[in-house]
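Worksheet for the structure shown next.
The values are calculated or read from the model by the stated rules, or taken from the named source; none is laboratory data. Worth saying up front: this structure is predicted, and the values here are computed from it rather than measured. A quick note on method: Cβ atoms are made from the backbone with ideal geometry, for glycine too, and the neighbour counts reach across all protein chains shown. Heads up: the accessible areas ignore ligands, DNA and RNA and are worked out on the full protein's heavy atoms, side chains in. Shrake-Rupley method; radii C 1.70, N 1.55, O 1.52, S 1.80 Å.
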Amino acid sequence: MIPLGWARALGPGMPGASTVRAAGAAAGLAAAALLPFALGSYPVHVLTVALYYVILASSWNLLAGYTGLFSLAHHALAGLGGYTSALLVLRAGIPVPLGIACGGILTYATGYAMGALTLRMRTLYLALATWAFAESTRVVISMEYGLTRGDLGLAVPKLLAATSPRPYYEVFLAAAAATVAGLAILLRSRIGYRLRAIRDDEGVARAVGVNTVRWKRFVFALSSGIAGAAGAIYGHYIGLLSPVGMKFDEMALVIIMVVLGGQRTLAGPVLGAAVVEVASEALRAYGQIRMVVFALTVLAVMRIYPSGLMGIARAMARRWLAAA
Amino acid sequence: MDDPLLILDGLHKSFGGVAAVRGVSTTLARGEIRGLIGPNGSGKTTLLNLVGGQTRPDRGWVVLAGRSLEGQPPDAIAARGVARTFQLPRVFRHMTVLENLLVVVCADHRRAGWVEARRDAEALLRLVHLDGLAHAEARTLSGGQAMLLQLARCLAQRPLVLCLLDEPFAGVHPGIKERMVQAIHETNRAHGVTFLVVSHEMPTLRRLAGRVSVMHNGAWIADGPLDAVARDPRVIEAYLGRPGPGHGPEEGRAPGRAADGHSGQPRDPA
Ligand SMILES: Nc1ncnc2c1ncn2[C@@H]1O[C@H](COP(=O)(O)OP(=O)(O)OP(=O)(O)O)[C@@H](O)[C@H]1O
Ligand SMILES: [Mg+2]
């Protein structure tokens, strides 16, 4: 039976299944929080970076997967958030957490504007327009040497006094968990239905009364704001920002994570980010060849299981349940 | 009330050199079921797009319940109570059949609770015989099933004052067609909803619509009870490309096709 109050608050998601899933997620989260105590500082650092990509991949999945707005600016927005926060902290002397908030707000506004400007664009044009925005942002940051120190990189004040990555890991874990939980709630709400309807058929969504203009701007703003805030935290963790980190490779990595993990699932980008980042570290000696390996893996996965690792996991679970 | 629900006043729409709708003026009474017929390419779909807000007129006005729809986007028009189906069925492919109806409750102007919305959606699915497929993804539906889902979605919209149905019976099994006719009648009677139904199926229109309008080359050429319209020489000419007695659209053929030389009573659907 569906508890009525619950159903009313959250919309018509499947509360029975989601309660089980939420319990599983909570257990997983607790385990993840304890994990760094069993690992050395290098693996913890790798996982911290993976958690950063969980946030990027999840927020891009909201935009591109669920809403169908295939933006190629996510990495640039993360970089923009990072530079915004770093420069405000350095030049205006505001506290780091406030800088992170400003990074999120500025990229939220940027995303809103991008959503408004690309409203009528079809997939290919949207991709090109957002890519052009990303490249221009990177070039401007690279050229504004006086402000950003260009390709030399900008030394960024740290968020925490700690030198060990462990506290940063916990910060990123909390941020990633909040992002995924927030998206879960959002997608089960009426807003989630609106976004999915826009993806499937914008014209029909409009014809039944969904204000597609408003929600496309909103989802662009929200996912950009999340990317910007994550980028800001990341900058204050690594301690160095450079336009090199805003190259298209970063965007490709995020796309690979989402597609490999499973688009339009909550767990997909989480899984994809973890697998790709850990594999990327393990294969570091192979340099750029890694991207080729990832790309080929993604092609293979899409050919066999278009729904990604989550699709594989689901199929296996189903087979296992049927056998049991 | 005596004032008409819908007034079309001098509507005109061209695409490049093609005048798809030229100077259409008409009114629909509240609670009326109106049929709209005409050969392929005569501008019927374009007319529905002009009312639904999918297309902007070059000239002319659409007035709904005394207020102009000029410049209003489709979502604002939906909020005023206009719902529609599409000639090629359009559903939310990656949502389940049930979710397709629940989206309607997520429209920006709606405030209804989920629980009642879900109950209404389930009732509508039973009405169009899709309740067994409630949790199937809509992309797995057949063309006819998608057509039914569209109709259910249209009827699920609130407020609902005007339904624009673009060839809702095309490719639908006779038994299901019967249910669609019943659903339209019931919605019309119970809630006073007005329908504008584009169809090539004369026998079905005969049972559904008190009046039928005819379009030809973008123009509104005739209006009235189906039998009277079917005898109108201009209508016969529009359908056959030449005047000829007894070969009007009343035979239940697909219009635009050559006459089969036999005229008589309309064939009734199963
Ligand atoms: N978006 C468009 N761009 C260009 N021309 C169009 C467009 N929409 C319609 N037309 C043209 O307008 C005319 C009327 O088309 P419309 O689709 O309204 O006809 P219809 O009466 O619905 O025909 P059918 O019975 O085949 O559905 C046609 O000549 C068509 O080619
Ligand atoms: Mg048509």
*With the solvent-accessible surface defined on protein heavy atoms using a 1.4 Å probe, which residues belonging to region B:81-97 display a reduction of at least 40 Å² in accessible area in the multichain context relative to the isolated chain?*
B:90, B:92, B:94, B:95
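Place a +1 charge on the Cβ of each Lys and Arg in chain B and a -1 charge on the Cβ of each Asp and Glu, then give the dipole magnitude about the Cα centre in debye, rounded to the nearest 20.
On the way: 32 positive and 27 negative charges, 58 e Å.
With only Lys, Arg, Asp and Glu charged at Cβ, the dipole is about 280 debye.
Residue by residue through B:68-76, how many Cβ atoms from other chains fall within 10 Å of the Cβ on average? Walk me through the intermediate numbers first.
Working: counts 0, 0, 0, 0, 0, 4, 9, 10, 3.
For peptide B:68-76, the averaged partner shielding equals 3.
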*So what is the accessible area of the protein assembly as shown per residue, in Å², with the probe set to 1.4 Å?*
44 Å²
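Tally Lys and Arg at +1 and Asp and Glu at -1 over the other residues with C-beta under 12 Å from the C-beta of residue A:214: what net charge comes out?
On the way: positive: A:194, A:206, A:216, A:217; negative: B:75, B:108.
Taking every other residue near residue A:214 into account, the sum is +2.
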*At least 20 Å² of accessible area lost relative to the chain alone, listed for region B:114-147 with a 1.4 Å probe*: B:114, B:115, B:118
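Could you check how much of the accessible area of chain B is carbon and sulfur, as a whole percent, using a 1.4 Å probe?
Working: 5590 of 11220 Å².
Here carbon and sulfur together make up 50 percent of the probe-accessible area.
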*asked:* On a straight-distance basis, which lysines could pair with residue A:247 in a cross-link, Cα separation under 26 angstrom, same-chain partners fewer than 8 positions away excluded?
replied: A:158, A:216
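Of all DSSP beta bridges located in the protein assembly as shown, what percent are antiparallel, nearest 5? Don't skip to the end; give the middle numbers.
Details: 23 of 39 bridges.
Antiparallel: roughly 60 percent of the beta bridges in the protein assembly as shown.
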*Given a Förster radius of 56 Å and the C-beta distance between residue B:134 and residue A:145 as r, what FRET efficiency does 1/(1 + (r/R0)^6) yield to the nearest 0.05?*
0.40
*Positive-end extreme of charge dipole, the protein assembly as shown - chosen from B:10, B:196, A:320 (charges on Cβ)*: A:320
*Take the Cβ-Cβ distance between residue A:18 and residue B:186 as r, set R0 to 35 Å, and report the resulting FRET efficiency rounded to the nearest 0.05.*
0.45
*asked:* Ignoring ligands, DNA and RNA, please state the percent of accessible area on chain A from carbon and sulfur, probe 1.4 Å.
replied: 70 percent
*Only bridges with both residues in chain B count here: give the DSSP antiparallel percent, nearest 5.*
55 percent
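May I ask you to compute the full-extension gain from residue A:109 to residue A:214, defined as 0.36 nm times their residue separation minus their alpha-carbon distance, rounded to one decimal in nm?
Here the segment from residue A:109 to residue A:214 would lengthen by 36.4 nm.
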*Does the protein assembly as shown come out rounded, prolate or oblate by the C-alpha gyration tensor, with a ≥ b ≥ c the root eigenvalues, rounded set by a/c under 1.5 and, if not, prolate when a/b is larger than b/c and oblate if not?*
prolate
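Enter the buried accessible area of the B/A pair, total of both sides, probe 1.4 Å, in Å² rounded to the nearest 100. Mind dumping the intermediate values first?
On the way: alone 12490 and 16070 Å², together 26010 Å².
In total, this chain pair buries about 2600 Å².
When only DSSP loop residues count, what trypsin sites (Lys or Arg not before Pro) in region A:61-136 have their Cβ near at most 10 other Cβ atoms within 10 Å? All intermediate terms of the calculation are to be shown ahead of the outcome.
Details: sites: A:91, A:120, A:122; in loops: A:120, A:122.
Counting only loop positions with at most 10 other Cβ atoms within 10 Å, the trypsin sites (Lys or Arg not before Pro) in region A:61-136 are A:120, A:122.
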*Mind giving me the FRET efficiency for residue A:121 and residue A:158? R0 is 41 Å, r the Cβ-Cβ distance, nearest 0.05 is fine.*
0.55
*Based on DSSP H runs of at least 4 residues, each adding -39500 (n - 2.57), what is the mean residue ellipticity at 222 nm of chain A after dividing by all its residues, to the nearest 500 deg cm²/dmol?*
-24000 deg cm²/dmol
*Sparse-neighbour loop sites [GluC sites (Glu not before Pro); region A:247-294; at most 16 other C-beta within 10 Å; DSSP]*: none
*Using only C-alpha atoms and all pairs of different ones, pull out the Kirkwood radius for chain B in Å with one decimal.*
19.1 Å
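Quick check: net charge around residue A:183, other residues with Cβ under 14 Å of its Cβ, Lys/Arg +1 and Asp/Glu -1? Walk me through the numbers before you get to the answer.
Details: positive: A:21, A:188, A:196, A:264; negative: none.
Computed value for this residue: +4.
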